[in-house]
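Chemist: Handing you a structure now.
Values quoted throughout were computed directly from the atomic coordinates according to the rules given, and no laboratory measurement underlies them. None of these values were measured; they are calculated from a predicted model. Note that each Cβ is placed from the backbone with ideal geometry, even for glycine, and that neighbours are counted across all protein chains shown.
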Amino acid sequence: MDIRNGTLRGGLGLLAAVLAAAVGVAVGWIVFLEIPTTGTELAGVLLTIALAAVAGKVGVSVVENALTGYDVAEVTVEGPITRDGGRPSPITSATGTTADEIVETIERADDDPAVDALLLTLNTPGGEVLPSDDIRRAAERFDGVTIAHARDVCASGGYWIAAGCEEVWAHEASLVGSIGVRGSRPNAAELADKLGIRYEEFAAGRFKEAGNPLSETDDAEREYLQGIVDDLYAQFVATVSEGRDLDPDAVRETEARVFLGPDALDRGLVDELGTSEDVADRIAERLGRERSVEVREFEPRRGLTDRLGVGVRSVAYAFGSGIAGVVTDADAADLDLRAR
């Protein structure tokens, strides 16, 4: 990657981060600590630290936007793929990013006149079908070079997304594939009987209540539900077959297994193996650049409230982790910490 004006940009970025963090600490100290109310001291400390982190990030972003010359947008899909993003991780805000946010981020990169290529970084075990397909379609609509790069895992819905890119890269130790669909339901009918719970059904339509966990599934319902899974699997196979130019039978022969990078390469699931630097060089080649490209990470746009929330969760997680470490080190012999 070509880091143009790297020293100047790095120095100014660091200065902006320090100044912005200092302002954040000062404001947070005044707001949360100088005028405290009963029981808010700890919360004030957490919010002050979180505000400082957010302010520093904003400061760096402002400087980078003003000075950075970039031509590749990197959008990351990390963690389970869902419509609502699930429960955000206490360690990173990437896990918990919604499919709609990722689609919006790709579209924003597409609208940026400086961006000539999209690098879709994938580290996900998969997730819901329709959200995965929404992201894939957004990648297909991108007007420029599109390359998917698998990190640790690019499985199931993650590979569904990758199939929408022109090229797929992976590391040698990446796990790629899992081209399959799974549907399940709990069966609590026997438990309900033991507890004396009776389930009475009022529904119109033969299969309206198919899959209800409080009733047994009969053969007709089982065939109906399996048919839905089979239809989704057929769509998955067709999507991969078309996107990767593979024979549908070859896709089915993977039997929903995951493969290490070299095996995925042999099966045509990926085009090349390499690092982030190798991918950047490939993008430069695709764009006809004589120099290396510069990659900028595009992140979902979130309000200050959301950013503060992530910051507070991170600090609280670290705080709790420290306490847990002390407890387990000092009192492990006296305490049973297993969930019951």
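Chemist: List the residues, sorted by chain then number, that are 5 or more residues from H149 or on another chain and whose placed amide H is less than 5 Å from its amide H.
Modeler: So H149 has HN proximity to L120, T121, L122, W169.
Chemist: Under 5 Å between amide H atoms, partner at least 5 residues away or on a different chain: which partners does G127 have, H built in plane at 1.01 Å?
Modeler: Under 5 Å from the amide H of G127 lie the amide H atoms of I81, G157, G158, each far enough along the sequence or on another chain.
Chemist: What are the residues whose amide H is under 5 Å from the amide H of E74, where those residues sit 5 or more places off or on another chain and H is modelled from the backbone?
Modeler: Hits under the 5 Å cutoff: L119, R296, E297, F298.
Chemist: Also: For a quick check of your reading of the filter: which trypsin sites (Lys or Arg not before Pro) in the stretch 268-301 sit in a DSSP loop and have no more than 13 other Cβ atoms within 10 Å?
Modeler: Details: sites: R282, R286, R289, R291, R296, R301; in loops: R289, R291, R301.
Answer in residue order: R291, R301.
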